[in-house]
1. Rounded to the nearest whole Å², what accessible area per residue is found for the stretch 181-238 with the 1.4 Å probe?
2. Give me the percent relative contact order of the chain, please, defined on Cα pairs under 8 angstrom at least 6 residues apart.
3. Only Cα pairs under 8 Å and at least 6 apart count here; give the relative contact order of the stretch 1-87 as a rounded whole percent.
4. Using R₀ = 45 Å, calculate the FRET efficiency as 1/(1 + (r/R₀)^6) where r is the Cβ-Cβ separation of Asn457 and Arg310; round to 0.05.
5. Could you do me a favour and compute the accessible area per residue for the stretch 240-378, 1.4 Å probe, result in Å²?
6. Given the Cα atoms of the stretch 333-421, and with Rh set as the inverse mean 1/r over their pairs in the Kirkwood sense, what is Rg to Rh to two decimals?
7. Enumerate the calculated ³J(HN,Hα) couplings along the stretch 218-227 in order (Karplus 6.51 cos²θ - 1.76 cosθ + 1.60, θ = phi - 60°), each rounded to whole Hz, writing x wherever the residue is Gly or Pro.
8. Give me the percent of Cα-Cα pairs in the stretch 580-678 that sit more than 20 Å apart, rounded to a whole number.
Amino acid sequence: MAGFYDFYDVAVVGGGHAGIEAALASARMGLKTLLITQTVDSISRMSCNPSIGGIAKGNIVREIDALGGEMGKLIDKSMIQFRMLNKSRGPAVQAPRSQADKLLYSSLARQTVETTPNLFTLMDTVVDLLTTESETPLPPAESAQSGQIPGEFTEKDVLTEAAKNGKRQKITAVVTERGRLIPVRSVVLTTGTFLGGRIFIGEYDAPCGRIGEQAAFGLTQSLNRLGFTTGRLKTGTPPRILKHTVDFSSLEIQAGDDVIVPFSFEDEEVTRPQVPCHLVYTNAKTHEIIRENIGRSPLYSGKIHGIGPRYCPSIEDKVMRFAERERHQLFVEPESLATDEIYLNGLSSSLPEEVQDAFLRTLPGFENCHVARPGYAVEYDYVEPTQLFPSLETKRVAGLFNAGQINGTSGYEEAAGQGLVAGINAALYARSHKEKCGSLCMAKSGMGQVPASAEPNAFAFKSHFTLEEIKHFAEISEKETHAVNSLLEDFQKQQGNENFHKIPEYEPLILGRDEAYIGVLIDDLVTLGTKEPYRMFTARAEYRLKLRHDTADRRLAEKAFKVGIKTQAQFEATKLKYQQVEEATEILLKKADAENPGFPAIVWEIAQEDAKYKYYIEKQDARVAKMHKMEHFHIPADFDYGKIPALSGESRQKLEAVRPLTLGQASRISGIRNSDIMLLMVYLK
Ligand SMILES: Cc1cc2nc3c(=O)[nH]c(=O)nc-3n(C[C@H](O)[C@H](O)[C@H](O)COP(=O)(O)OP(=O)(O)OC[C@H]3O[C@@H](n4cnc5c(N)ncnc54)[C@H](O)[C@@H]3O)c2cc1C
Ligand SMILES: NC(=O)c1ccc[n+]([C@@H]2O[C@H](COP(=O)([O-])OP(=O)(O)OC[C@H]3O[C@@H](n4cnc5c(N)ncnc54)[C@H](O)[C@@H]3O)[C@@H](O)[C@H]2O)c1
């Protein structure tokens, strides 16, 4: 049986965009890593649009690359059209965007994952997380969001003892649906739209994570048992059409740029076949069909309770909410060079299939189109993100990290950025755990009470549990927890290590709002929380002049080197590049139209932007320096807000709910006023 109950430093649950970044980062940092995903055939699958990048998202991809992640390299190898968006506007809002051959993208990702040393894949579904109680108290009022989240589970009876005792827990093992019990040091959850997933197309609805793929059940109940607040969100996707059934002759062609800027700082150039996109518009007839059938949309009939993405509305939402608009622009995008499917960007819908067919055929060129996959909506569970530290580690459970759509975000890039940070921090935690807590050992055969079986009267995971079934699951979980924890604790004691219940300390990687869009994203999530799918915009970043896509390596290379994901040689090369940029900027500041005396083209281009915006950048730097003083002023995790009598009850509750780590983070909690921050400063000094 050796191997079946093996143990790992880091387990990553889910092989989507967040999951592969987390797993690759951890393995590259030298930790023995297991990527457990429902099916390895869908690693890094693009659920929706076949593109990577775009406004603000493109910057995130370049940051991922600078920090040692994979997304930039994958898209450089699989792109089929490139455009620099906002070329006519300032550098702060320009962004690269590429159409992807989504099949190639996914298979390249799988190949990278499967061939990376220290990284192992396992096709299974994680149903439970086992923890032990630690000696550290839980930050008080940790889940004050309770009672405000749509679809929230509030049963307190089934909580673990540690959750009831108000102690922080510490992850010890994961359990899979087929009954594997795997001891681990840390875990990253990246479950996307699959937890409790449900698909909606008109009157049809069924359990589903993504069309044709099973939803994942059990883990949400496990998270609730550990004391986490979960809620429901929704997202949607357009229909896919077979290209040969569309007449392209009347459609406007949208070609890509001639110059391709690679996403990866390590790719000097990208040479790939380029194919065009097309433009088409909805019309009065399209809108009429949608309006006539709006009552059959699950969004409008009240079947869907989860909140959908505000900034990427379905076509039924656009037609109903913006009734004055006569037409909506759609992009017709190829999905892959190897298939005939095309994607209609802007036409997300969950109306019945016959209605989708009817309104599609009102589009010029689409009169005889064949829908190969209907548009649909998916509703899924997410974990309210104010329950996380800025490292993406959960406050309740040490060693447990969440990343991607499970945190309430939407988008491949947002997911990947979080996955990378969570993976790096899970690896740093595991490193420290290894040092402080000693070795792990395998669980023994027969310890697992799951497997779930489909046999009558056997315990089975399903979309709706009765309270009795949830309690039964809790009993199984208690037994497994006891068995695996005793084994691990005894094993460590035999080696003279008494730290089983202690949480190992480590210095996490936390990105500032002035350092990366990924920093803005995570700070927004953990400070403000979200009750609707969150996506990134340039407007969310107050220091966007510093967050240009072309200088992500300047901001992040040193951090990547320090955590051990990039080599010294890679860091030195970036240092040298920016020394040259400084020299070139000096020349340009003296003479704005100077000729390039021989610097590499990219160095000269960055210097030109730096010189042109020097005054604004300096002003922004001064603001950053001022903010930094306050930003980094540390607030102890157990700070007693009750000892500030002048603090209003509402502000105290909010501060206790989020438990900000710094004054900067405190100042961004919605509803916290400058006067509250002044008060805090007095008491913290
Ligand atoms: C219908 C739809 C439309 C969308 N539209 C867009 C869009 O147009 N553009 C965009 O940018 N984003 C879109 N999104 C969102 C985008 O797909 C996600 O934001 C992104 O894929 C999230 O990445 P992730 O890694 O968090 O999760 P996912 O990519 O969803 O990956 C999660 C992975 O985890 C696995 N998994 C889940 N639970 C378990 C478990 N318990 N055990 C083992 N494995 C598990 C799943 O099988 C899956 O492989 C859409 C999503 C859907 C479903
Ligand atoms: N369906 C969902 O639930 C959901 C949720 C979140 C995001 N999304 C998707 O996320 C993606 C990213 O959103 P976005 O609107 O910022 O990105 P985008 O890259 O699709 O669009 C950004 C801008 O790029 C331009 N653009 C779009 N498609 C283009 C094309 N084919 N060729 C050239 N230029 C094009 C447009 O001017 C657009 O305003 C979208 O495709 C959207 O469908 C979907």
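The values are calculated or read from the model by the stated rules, or taken from the named source; none is laboratory data. What you see is a predicted model, and the numbers here were worked out from it, not measured in a lab. Positions of Cβ are backbone-derived with ideal geometry, glycine not excepted, and every protein chain shown enters the neighbour counts. In case anyone asks, the SASA skips ligands and DNA or RNA and just uses the protein heavy atoms, side chains included. Shrake-Rupley method; radii C 1.70, N 1.55, O 1.52, S 1.80 Å.
1. Details: 1210 Å² over 58 residues.
In whole numbers, the stretch 181-238 has 21 Å² accessible per residue.
2. The normalised contact order for the chain reaches 19 percent.
3. 24 percent
4. Once rounded, the FRET efficiency stands at 0.50.
5. Numbers: 6730 Å² over 139 residues.
Heavy-atom SASA per residue in the stretch 240-378 reads 48 Å².
6. In the stretch 333-421, Rg relative to Rh is 1.16.
7. x, 5, 4, 4, 4, 5, 4, 5, 6, x
8. Everything past 20 Å amounts to 55 percent.
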